[in-house]
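Peer 1: This structure is in structure tokens; I'll ask about it shortly.
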Amino acid sequence: MHIVLPGALPDPGAATELASRLADTAPTLARWFARARADILASHAADTRCTPLEHWLLEARGFRAGPAQHLSAGLGPLRAPDLADDGPVWLAELTHMAPSRDGAALLTANTLDITDAHSQALFEAAQEAFEDAGLAMDYCAPALWRVRWPEPIALSCASPALVAASSVNDWWPQETAARPWRRLVNTLQMLWHEHPVNQDRARAGLAPINSLWLYGGARAGQLARPLPDDTRIHDALYAPALAQDWGGWLAALAHLEAEVFAPLAEHRPTLVLTGRERIVTLAARTGWLARLRKDDWRSWWSNP
């Protein structure tokens, strides 16, 4: 069994303070830590263009980036696995962009409560803008549209989840080849500003859908294998870790202990923990070696 815990690795300063609390709050997890071998993998956003969780998912799927591709290119076929062809999978995610102290902040589709009807209406309204930009779009799902370029293109696009955790200005594609996309986004922002969909959303107290975020670019054939069938992702720690809300993080950890870890106390799962810039995989030791050796997990827990 693989248990994946995004946000389970606090930054080193906080981790030192939280170490003793972790053992008290999640004793089952602490025992698993002590009986496992830690494999540490750096995950730097500047290199991968995706979050550490996405990094792990792509590694687990056996993704291999092609020439001029970052790891994040694999998120196209990863997020849209049911496409029949093996062409480049560029995705446009419906998002909300808002001014912030750092330039602009992004809200991803999973935070926006986007209905199929709203997405279809915006898609239909944008048809002329797509054509003017020389691009074709396929409707995939309420959150995702597929982008078809008239010719092969190489762009270094970041994951929407990564952008949402930082700033749009850090990741906005600047290449010359991205000019048609930038023009399209500017057009859509004006076109959708007073669209009935966003008027409906305003009345419902929802953020407007006012932009698209482009990412992906790899082909389905670059994913070599499926995820292990026994993979379970529990993301309750991610939001409080991102906000550095360590009281909320401990409360989420206590819930996971009661609902997930304790019921599996007699098992020896493989644990995958992610932090801001690293991934720790804990492979359980078994047999006499597990009884003989118990590592001080604080040594990798508190170190960057």
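Quick note: the coordinates plus some simple rules give every number you see, no bench work behind them. Computed from a predicted model, the values in this text were never measured in an experiment. Cβ atoms come from the backbone with ideal geometry, glycine included; neighbour counts cover every protein chain shown.
Peer 1: When the helix-only estimate is applied to the chain (DSSP H runs of n ≥ 4, each -39,500 (n - 2.57), divided by the residue count), what is the mean residue ellipticity at 222 nm, nearest 500 deg cm²/dmol?
Peer 2: -10000 deg cm²/dmol
Peer 1: Could I ask something else about it? Quick one: which of 148-161, 11-24 comes out on top by average Cβ neighbours within 10 Å, and what's the full order, highest first?
Peer 2: Numbers: 148-161: 17.6, 11-24: 14.5.
Output ranking for 148-161, 11-24: 148-161, 11-24.
Peer 1: Plugging the Kirkwood radius over Cα pairs into Stokes-Einstein for the range 63-222, at a temperature of 37 °C and a viscosity of 0.692 mPa s, what D comes out in µm²/s? Let's see the in-between values first.
Peer 2: Numbers: Rh = 16.0 Å.
D = 206 µm²/s.
Peer 1: A further question follows. Expressed as a rounded percentage, what relative contact order does the range 1-137 have, with Cα pairs under 8 Å and six or more residues apart? Don't jump to the answer; show the numbers that get you there.
Peer 2: On the way: 66 pairs, mean separation 13.9, N = 137.
Computed over the range 1-137, the figure is 10 percent.
Peer 1: Given charges of +1 on the Cβ of Lys and Arg and -1 on the Cβ of Asp and Glu, with all other atoms neutral, how large is the dipole of the range 63-222 about its Cα centre, in debye to the nearest 20? Display every interim value, and only then the final one.
Peer 2: Values: 11 positive and 17 negative charges, 84 e Å.
For this selection, approximately 400 debye.
Peer 1: Using only Cα atoms and rounding to the nearest 10 degrees, what angle (0 to 90) does helix 246-256 make with the longest principal axis of the chain?
Peer 2: That helix lies at roughly 70 degrees to the long axis.
Peer 1: Full extension from Ala136 to Arg179: what is 0.36 nm times the residue separation minus their Cα-Cα distance, to one decimal in nm?
Peer 2: Values: separation 43, 0.36 × 43 = 15.48 nm, distance 1.54 nm.
Stretched out fully, the Ala136 to Arg179 stretch lengthens by 13.9 nm.
Peer 1: Against the 2.2 N^0.38 Å scaling, with N counting residues, where does the chain land? I'd like the Cα-based Rg ratio to two decimal places. Mind dumping the intermediate values first?
Peer 2: Working: Rg = 21.2 Å, N = 304, 2.2 N^0.38 = 19.3 Å.
That ratio works out to 1.10.
Peer 1: Please work out the C-alpha center-to-center distance from the range 116-131 to the range 186-261 and express it in whole Å.
Peer 2: The range 116-131 and the range 186-261 have Cα centres spaced 22 Å from each other.
Peer 1: Among Met137, Met1, rank each residue by its count of other Cβ atoms within 10 Å, from fewest to most, as a rough exposure measure.
Peer 2: Working: Met137 20, Met1 14.
The order, fewest Cβ neighbours first, is Met1, Met137.
Peer 1: Here is a follow-up. Before anything else, pin down the relative contact order of the chain: Cα pairs under 8 Å, at least 6 apart, normalised by residue count, whole percent.
Peer 2: Numbers: 525 pairs, mean separation 123.8, N = 304.
Over the chain, the number comes to 41 percent.
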